């Protein structure tokens with residue numbers, strides 16, 4: 001089980017991300033909701049993590065990769081945030097948007113802690129300068145990527161079809177998209193229709 005310090009550090013980072021993502025009017029409610037649900041989310045994450053190791057890894061003694069860990073946090077958020085409190089905040093798909101922020105924040109924590117080589121350190125600096133991952137632009141849809149993803153998560157949660165490997169796959173491609181944006185430059189990617 002991850003240490004209490006690790007969970008607390010992750011939640012502190014999540015609270016900071018929430019403060020950046022939500023309007024001042026709702027920050028206290030969102031952060032309060034997060035803190036109120038912290039222990040349930042941690043317990044659910046541990047259940048999901050253990051299950052994922054048994055079901056999706058050849059050697060269950062190893063560590064989950066960062067994409068599966070972030071996906072496990074997303075599922076824990078989606079299943080453990082209280083519906084009643086979230087609906088009071090007055091935002092559409094609050095739980096799903098919080099889960100997205102949680103997943104991307106956890107992924108960013110793992111990525112920025114990996115200083116394995118010089119080129120990768122440059123990428124982590126890029127992430128820090130961008131204040132996290134940038135998401136792909138929708139070419140023919142006026143809704144932001146986050147809204148479409150939140151709607152998908154909402155239906156998956158309601159229909160009880162949340163699937164850790166699919167979420168991990170999406171997170172992998174968001175990381176890959178950001179590595180391409182870093183390597184090519186965002187302007188070049190936009191000109192290519194990305």
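Values in this text are rule-based calculations from the coordinates and carry no lab data. Bear in mind the structure is a predicted one, so any value in this text is a computation, not a measurement. All Cβ positions, glycine included, derive from the backbone under ideal geometry; neighbour counts span all protein chains shown.
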What is the distance, in nm, between label points placed 7 Å from the Cα along the Cα-to-Cβ direction at residue 121 and at residue 145?
-> 2.8 nm
Calculate, for residue 13 and residue 179, the FRET efficiency according to 1/(1 + (r/R0)^6) with r their C-beta to C-beta distance and R0 25 Å; round to the nearest 0.05.
-> 0.75
For the residue 169, residue 27 Cβ pair and Förster radius 22 Å, calculated FRET efficiency rounded to 0.05 is 0.10
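Between residue 61 and residue 157, what length in nm is gained on full extension when 0.36 nm per residue of separation is reduced by their alpha carbon distance? Each step should come with its number before you reach the end.
Working: separation 96, 0.36 × 96 = 34.56 nm, distance 2.89 nm.
Fully extending the segment from residue 61 to residue 157 adds 31.7 nm.
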